[in-house]
Structures are given as C-alpha cells and as structure tokens.
1. Which one is farthest from B:Thr18 (Cα to Cα) among residues in segment A:250-265 that are within 41 Å of the chain's Cα centre (by Cα) and more than 8 Å from chain B (Cβ to nearest Cβ)?
2. Pick out the one residue from B:Leu119, B:Leu42 that is touching a residue at least 12 places away in the same chain (Cβ under 8 Å), within 10 Å of chain A (Cβ to nearest Cβ) and not in a loop (DSSP other than H, G, I, E, B).
3. Scan segment A:125-135 and give yes if some residue there is β-branched (Val, Ile, Thr) and more than 14 Å from chain B (Cβ to nearest Cβ), otherwise no.
4. Which of the residues that make up segment A:43-76 are among the small types (Gly, Ala, Ser) and within 22 Å of A:Ile111 (Cα to Cα)?
5. Looking only at residues that are loosely packed, with under 12 Cβ neighbours inside 10 Å and not in a loop (DSSP other than H, G, I, E, B) in segment B:86-105, which one is farthest from the other protein chains (Cβ to nearest Cβ)?
6. Under 8 Å between Cβ atoms, which residue pairs at least 6 apart in sequence (or on different chains) link something in segment B:98-116 that is under 24 Å from A:Ala236 (Cα atoms) and free of Cβ contacts under 8 Å to residues at least 24 places away in the same chain with a partner that is polar (S, T, N, Q) and part of a loop (DSSP other than H, G, I, E, B)?
7. Find the strands (runs of 3 or more DSSP E) located wholly in segment A:1-101 whose residues include 3 or more that are within 18 Å of the chain's Cα centre (by Cα), and list them.
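The values are calculated or read from the model by the stated rules, or taken from the named source; none is laboratory data. All of these numbers come straight from a predicted model, not from anything done at the bench. Note: ideal-geometry Cβ built from the backbone for every residue, glycine included; neighbour counts use all protein chains shown.
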Amino acid sequence: MNSKSIITWAPGTTGTVAPVYSDWNDIESVVNALQGNAKLCIDMTGLPGFAQVPATASLDGKGRLEIVGVGPNGEAELQIADGGQIKNVQTWRTIVVRAAPSAKPPVKYDIDGMVIDMFDATFIYSAVAAAALISVETPSYIAMFMVESALHNNHNPGKPVINLVGNVVALVSITSNSFQQSPTQFDGTIGGGTGSSLNLQLDGSLPSSISLPGFAGAVTQTQIESAQGIAFTANAADWISPPPSNVQTAMQRMVNLLKSLNGGNPIP
Amino acid sequence: MIFMGSPSSGAYLILLMTDSGLMNSHNPGAPVLVMGPNSVLLMSIATVMFPIPFDNTIAGPASASLELQLDSTQPPFPMGGFLGPVTTTFVSVANALGYTPGAPGNWVGPAPTFVQQALDRIAARVVTLGGGPIP
C-alpha cells in the first residue's frame with residue numbers, strides 16, 4: 001500500500017516517541033527524509049495558545065505535504081515567527097496559520113502546476129506586517145481550492161494575504177463560506193503585479209464581487225452557480241401549464257410578461 | 001472510456017463526482033462514460049469549479065437508465081448518445097437560496113429573504129397585473 005506517513009508535532013509534550021515529535025527540528029528532518037510525502041498532524045494537547053513555528057523554520061512540503069490540525073479539539077493554530085517559512089504544502093486542513101512577517105512570507109509556493117487544497121483553513125495576520133502571509137512565486141501556475149476557508153487581513157488592513165509575484169497564473173476557487181466573519185472578508189486579500197493573472201471562481205456563499213485593489217494583474221471572476229440549476233416549486237395557479245421548475249425559467253417567463261406589460265419596453 | 005455495467009446482468013452503480021469532470025474535448029462527441037444494457041446509474045455532479053462541459057460525455061442503450069443529481073454549478077447538459085430514460089433532479093432549491101433585496105422599499109411589509117419567496121410574490125403580482133397566469 002502506498003500511503004503517506006503520518007507524523008505528529010506535539011509541542012510542549014515530553015517523552016514523545018516517533019512518529020510523534022515535540023521538537024520542530026525533528027519534524028523538518030522527517031519531512032525532508034520523506035520528500036514531503038507525509039501527513040503532518042498538529043497536536044496542541046500539551047500546549048496552550050498557538051504552536052510556535054520558529055524563525056529558523058525552513059520546511060519544504062515538495063507539493064506533497066498535508067498539514068492537519070488534530071487536537072485536542074480538532075483544530076490547531078500555528079504561529080510562524082518572522083523568518084520562518086513553510087513551502088509547497090499540498091493540503092491545509094482544520095488549521096489556523098498566523099504571522100506578522102517582515103523578513104519573508106511564512107508560506108510560499110514555487111512549484112509550477114501545484115494544486116492546493118484547503119478545508120477549514122484560516123490564514124490571518126496577527127499584526128501589521130510588511131510581507132504577505134502567502135507568496136506564490138514564478139515560475140508558477142497554481143490552482144487553489146478553498147472550502148470553508150478564509151483569508152483575514154483585519155489585523156493588517158488593506159494588506160493582501162496572498163501575493164502573486166511575477167508572472168503567476170492562479171486559479172482560485174472559494175466555496176462553502178460558512179461560519180465566516182463577514183461577507184466581504186475576502187476584499188483586499190489577494191494582491192499581485194501587472195504580470196500576474198487571477199481566475200476566481202466563487203459559489204453563492206460569497207458575494208458576487210470581491211474587491212481586490214491591491215491586485216494589478218488581470219482578474220477573471222466567475223459565479224459558478226446558475227439560476228438554471230436551482231429548483232423552483234411554483235404556485236401552479238400563477239402559471240400557464242407547465243409551471244417553471246427552475247429559477248432561470250421562472251424569471252425569464254416573468255420578465256417576458258413584464259416587458260409586454262411595460263409597453264414592450266425593457267425593464268428599468 | 002469508462003464502461004459501467006455488465007451486458008448480461010446489468011449493474012446498479014452510484015457515482016458521486018465533486019470537482020471532477022468528464023472530457024471529450026480531444027475526441028469530440030465521443031462519450032467518456034458508457035453504460036451497459038440494463039444498467040442503472042445514480043450520478044451526482046457537484047461543485048464544478050473551472051467548468052468543463054459534460055456535453056455528450058455519457059452514452060448508453062435504451063435499457064440503461066440514469067438518475068442525475070445536479071447542484072447549481074452544473075446545468076443540465078445534452079446526452080445525444082444516451083438512449084434510456086434520464087431523471088434529472090436539482091439539489092439546490094430556491095427556498096434555500098438567500099435573497100437580499102437591493103431596494104427594500106420595493107416590497108410591502110417584510111421583504112422576502114429567500115429567492116423562492118421573492119419569485120412567488122413577484123409571480124402573484126405579475127398575475128394580477130397581467131390579468132391571468134403567466135405564459
């Protein structure tokens with residue numbers, strides 16, 4: 001069976017036995033030896049507050065590493081000290097990543113063609129900072145699938161959380177935005193230069209437009225849900241049979257009639 | 001090509017596709033998924049990001065049947081090569097879709113909060129204005 005190795009970082013605990021480690025340096029050694037082919041569980045059972053990733057951290061997930069919060073309550077928080085960096089993580093799950101970086105972005109992607117999955121992953125500035133939390137750098141074409149996940153710059157207003165550096169092409173989908181702080185929370189959270197391009201795909205849990213004043217490249221934004229795919233149960237008496245069965249058809253038929261009632265003029 | 005079902009005994013299969021696609025872009029018109037005789041397939045397609053058309057990617061004989069469950073990211077699509085019965089159900093419904101009126105003053109009393117309510121109220125008013133059911 002070809003499966004990933006499961007290792008656990010449990011900072012603050014003592015007497016750990018592999019594959020559980022309390023020292024971040026051991027985690028880096030093991031992940032490097034596995035070429036990133038690992039599921040790294042963050043267990044904060046022995047630790048109040050955030051798990052502190054040191055300023056010396058230099059972990060490369062090589063496009064394979066998963067980082068998952070596991071304990072004690074199913075979600076874990078990482079605080080990455082300025083200077084520390086975690087690269088090319090494939091999956092982030094039930095995790096909060098917090099930093100106030102200046103020396104370098106604490107999360108970085110530089111593998112061309114990477115597909116990144118996020119589920120219940122939150123990236124949040126802990127304070128005003130000069131560097132972005134997540135940097136995507138050339139040569140890079142990336143696809144990022146964010147489900148129940150969030151980018152927050154409320155502690156660093158206006159600063160992009162993700163920054164596309166150089167001629168990066170990023171496909172970013174954001175869906176199932178439940179239990180989030182604000183419908184406009186993604187405003188201003190993605191930045192990039194004129195050579196970068198961003199293809200945003202949003203479902204109905206996000207507002208139809210996200211403001212990205214810090215992004216100078218080309219943006220394509222698509223709502224992936226359509227009125228044609230939403231069922232509508234009509235009051236049959238209001239409609240000449242057959243009544244519409246989806247929102248698109250219901251609206252189109254009413255619009256046609258309204259235009260007619262409006263003297264054939266378009267609806268204002 | 002994916003073949004589903006046994007020609008002799010048929011098959012009952014469930015296929016749940018999330019963020020997934022069937023592509024015949026390099027083989028236009030050819031089905032990607034072919035169902036066998038007497039096979040029954042329940043197929044759900046959801047959360048289609050970066051959409052790839054499913055047009056004409058499913059085929060099967062008249063004895064095969066297909067029950068499609070689509071969310072609002074995937075509109076119905078043509079299946080010229082599928083000759084059996086197809087039942088299509090939308091799993092996203094208007095009475096679960098929130099609506100925030102852009103102009104609350106357009107509504108008497110509490111404004112609708114769901115698309116279903118908004119459409120029903122508009123339809124009722126249109127019926128009154130039009131003097132009969134909506135064509």
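1. Across segment A:250-265, the extreme among qualifying residues is A:Val255.
2. Selected residue: B:Leu119, the only one of B:Leu119, B:Leu42 that is touching a residue at least 12 places away in the same chain (Cβ under 8 Å), within 10 Å of chain A (Cβ to nearest Cβ) and not in a loop (DSSP other than H, G, I, E, B).
3. yes
4. Residues satisfying the conditions are A:Ala57, A:Ser58, A:Gly61, A:Gly63.
5. Taking the candidates together, the pick is B:Pro104.
6. Final answer for the pair search is B:Gly98/B:Thr113; B:Tyr99/B:Thr113; B:Thr113/B:Thr100; B:Gln116/A:Thr233.
7. A:58-71, A:76-80, A:85-99
Yes/no per residue for (1) surrounded by fewer than 20 Cβ atoms within 10 Å (Cβ to Cβ); (2) small (Gly, Ala, Ser); (3) in contact with a Gly (Cβ under 6 Å, 6 or more places away or on another chain):
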site	(1), (2), (3)
B:Asp19	yes, no, no
B:Ser25	yes, yes, no
B:Ser44	yes, yes, no
B:Gly60	no, yes, yes
